[in-house]
1. In the range A:355-362, is there at least one residue being of a type in the set (S, T, N, Q), at pLDDT 95 or above and assigned to a helix (DSSP H, G or I)?
2. Can you name the residue in the range A:288-304 that is of a type in the set (S, T, Y) and under 20 Å from A:R365 (Cα atoms) and is also surrounded by the most Cβ atoms within 10 Å (Cβ to Cβ) among such residues?
3. Report those helices (runs of 4 or more DSSP H) wholly inside the range A:281-342 carrying at least 1 residues which are closer than 25 Å to A:E147 by Cβ and touching an Asp or Glu at 6+ places or on another chain (Cβ under 7 Å).
4. Looking only at residues in the range A:1-34 that are polar (S, T, N, Q) and touching a helix residue (DSSP H, G or I) at 6+ places or on another chain (Cβ under 8 Å), which one is nearest to the other protein chains (Cβ to nearest Cβ)?
5. Would it be correct to say that A:E269 is away from every other protein chain (no Cβ under 14 Å) and either touching a helix residue (DSSP H, G or I) at 6+ places or on another chain (Cβ under 7 Å) or closer than 25 Å to B:E71 by Cβ (or both)?
6. Taking the conditions exactly as written (among the polar types (S, T, N, Q), part of a helix (DSSP H, G or I) and surrounded by fewer than 16 Cβ atoms within 10 Å (Cβ to Cβ)), does B:S54 satisfy them or not?
7. With the requirement that a residue be in a helix (DSSP H, G or I) and within 10 Å of chain B (Cβ to nearest Cβ), what does the range A:238-252 give you?
8. Please work out which residue is nearest to the other protein chains (Cβ to nearest Cβ), limiting yourself to the range A:144-171 and to residues that are under 16 Å from the mean Cα position of the chain (by Cα) and assigned to a loop (DSSP other than H, G, I, E, B).
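The values are calculated or read from the model by the stated rules, or taken from the named source; none is laboratory data. Predicted, not measured: the structure shown is a model, and the values here were computed from it. Don't worry about glycine lacking a Cβ; one is built from the backbone with ideal geometry, like all the others, and counts go over all protein chains shown.
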Amino acid sequence: MYQYDLIDKEFLVDRSNEFRGQVARRLAGELTEDQFKPLRLMNGLYLQLHAYMLRIAIPYGSLNPTQVRRLAEIARDYDKGYGHFTTRQNIQFNWIKLKDAPDILDKLAQVDLHAIQTSGNCIRNTTSDPYAGATAEEIDDPRVWSEVIRQWSTLHPEFSFLPRKFKIAITASAKDRTAAKVHDIGLLLRQGRDGAHGFEVIVGGGQGRTPYVGPTIKEFLPTDRLLSYLEAILRVYNRHGRRDNIYKARIKILVAALGAEEFARQVEEEWEKIDAARADLPAAELARIRASFAKTPFETLPARSEAFETAKANDSAFARFVRNNVRAHKQPGYAIVEVSLKAQEQTPGDASADQLEVVADLAERYSFGDVRVTHAQNLVLPHVKLGDLPTVFAALQAAGLATPNIDLISDIIACPGLDYCALANARAIPIAQDIARQFADPDRAEDVGELKIKISGCINACGHHHVAHIGVLGVDKKGEEFYQLSLGGSGAEDASIGKILGPALPADKVATAVDQLVGAYLTVRADGERFLDTYRRVGLEPFKEAVYAQAD
Amino acid sequence: MPKLIELAEHAGGWEARWADDAFVNVTDEDAIPETGDLILSLARFEAEGDALLSSNSRRVGVRIESNEEIEVLAYDLPRIAVVALAFPKYRDGRAYTSARLLRERFHYQGQIRAVGDVLQEQAGFMVRCGFDAFEPADGATPEVWTKAARRYRHVYQRAADDRQVAFEERAR
């Protein structure tokens, strides 16, 4: 893992001191809330419905046990004992007092964490594959490039006041676990015919009111030219992105208005004028960053572990966990373990202080001190020995963290919704809980197979409903919460935007409707088809009928 | 005479100081004064700049709004004493790009002045992008400005200033 050096650490101290001064000015009445707002937003501090919310950056979703324990401490000392992991691999605390915020930032800085660029119209935390460095699928470690971008984008003097927020995702695997195609920039690492690596650059994807799967503007960007090319994209956007209407200010609107081809031409034109020797990262620094990710000291193990096989044969709960939450590792004898934050009756993505400490301990003992946060609001222990899996499973199970449902119907992404968020039209969390309850039978959930449900409490789409196999969008109908369903979206490598099923439903009908949709799927699915595949083959009609025919 | 904050050389680096502002902002409706240094809008500069510059008796600056592109000045830059880049709102970040291009692409040597919604929280970004004169809207003093602009002991990316970047510090 990347280790912060003195430079990185001093930077965070300076940041923390700056914010302490700003809060002092606010508390002393020298700044009005209006003047203070942009300053607190630059430090991830939002004013929500009931309290301040502090969003903490987790660069490319990677944490060490010390950091996880510190998050637990903050949850316990300054919040109500839990934190909420987001779809951008960050964590947010929903019950923060303004006077405590500077102390929290100090405590974060002590363990190399911060809230820089977790809000505001700047380049946000760069997200990446939670299986980086562990999956055999990847052609390179995307954390290397994520760290390059983290440094380059941190307090960027030119790009800190963009028309709107700006999100970058990077993956180096064919299977996309980052939703790269619905980001402002998605970088897909590819191998050229000659073996050289380059990025396919996707620009202008997004969700919200106007969802787009982003177009590719460059098929193959040599990796050593990454920073100059990003500079060119950001410069074209900073100059030409709309600033007159907040809803039309994201880069996707600019790309759509110009057309991908013209946008690409403008970027290319700007790129040619940039002095590469100054803008691109020197090879020595890249090598330094790369070296810090290359040191996982794996043991040489047999690919098969008897202890693991025996436990699987004797314990059906463990076997189910392995089927659903354990993934293949590149190193023989190791596995990737998904820690589910989607237990029955839980708020999707929430983890208690106690749970965080369990994860920190397990990571320290069994996963080289490495914890990842996933885009789907779960955690990952990326490097667990097969022989240790039964022990890890037992510990996770005791902490309520072993729900065997990764990518299944109850592994639901949901935004905080009207329970917390000032923007929401409707609650998202209770809907997620209703659906999970409806599919509590794990045999049935496994039979249904991969099915990604995502719930947003408003059109801003923080719950990613547009790219859900079954999307749920909360809408306000004359003061009552209603939910619009959509089908056929995907945020993965086969990205697509879902289609609206029909009229919105009241809250108490959503779980039933999902059940009806699943029923229709099970009736018509062909062998090996996921819900999404079946939908794509048969279209909307059978599903529409399943939900609305009886209603008439 | 009105004052503004300028960066002045100091002990091998710089510090922010009060300076007299000799330039008069001429709006598009004003008549051009007989004498003295002027800052004109881009439209007015394009119409009358040549004549004013060739008289050689006064310095001329241009005010660039955030929706105007500094490339149009490329040819005249050596003769322009001040480019005033406008911040209609602190959130409008286009002038940062303009400043960097002036310094890094066009090697502009004159003054780049931040005008409009100019707040101390922007000081660090502005100095890094090549601004060297400021008309703060929040009453910031040169002391406050210097402190704000120097708050961070390290920076991560190259810009228009000559600060050593993190990777250069590491390579030492």
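1. The initial filter retains those residues of the range A:355-362 that are of a type in the set (S, T, N, Q), namely A:355.
This time we only want the ones that are at pLDDT 95 or above, so: A:355.
Cutting the leftovers down to assigned to a helix (DSSP H, G or I) gives us A:355.
Scanning the range A:355-362, I find at least one residue that is of a type in the set (S, T, N, Q), at pLDDT 95 or above and assigned to a helix (DSSP H, G or I), so the answer is yes.
2. First pass over the range A:288-304, keeping only residues of a type in the set (S, T, Y): A:292, A:296, A:300.
Keeping just the survivors that are under 20 Å from A:R365 (Cα atoms) gives A:296, A:300.
On the way: A:T296: 16, A:T300: 7.
Among those that are of a type in the set (S, T, Y) and under 20 Å from A:R365 (Cα atoms), it is A:T296.
3. Values: elements: A:283-292, A:306-314, A:316-325.
The helices (runs of 4 or more DSSP H) meeting that bar are A:283-292.
4. Filtering the range A:1-34 down to residues polar (S, T, N, Q) leaves A:3, A:16-17, A:22, A:32.
Keeping just the survivors that are touching a helix residue (DSSP H, G or I) at 6+ places or on another chain (Cβ under 8 Å) gives A:3, A:16, A:22.
Details: A:Q3: 12, A:S16: 11, A:Q22: 8 Å.
Among those residues, the one meeting the criterion is A:Q22.
5. Working: away from every other protein chain (no Cβ under 14 Å): no; either touching a helix residue (DSSP H, G or I) at 6+ places or on another chain (Cβ under 7 Å) or closer than 25 Å to B:E71 by Cβ (or both): yes.
Here the answer is no, as A:E269 does not meet what is asked.
6. Values: among the polar types (S, T, N, Q): yes; part of a helix (DSSP H, G or I): yes; surrounded by fewer than 16 Cβ atoms within 10 Å (Cβ to Cβ): yes.
In short, yes.
7. Looking only at the range A:238-252, we keep the residues that are in a helix (DSSP H, G or I), and these are A:238-240, A:246-248, A:251-252.
A:N238, A:R239, A:H240 - these are the residues of the range A:238-252 that are in a helix (DSSP H, G or I) and within 10 Å of chain B (Cβ to nearest Cβ).
8. A:K165
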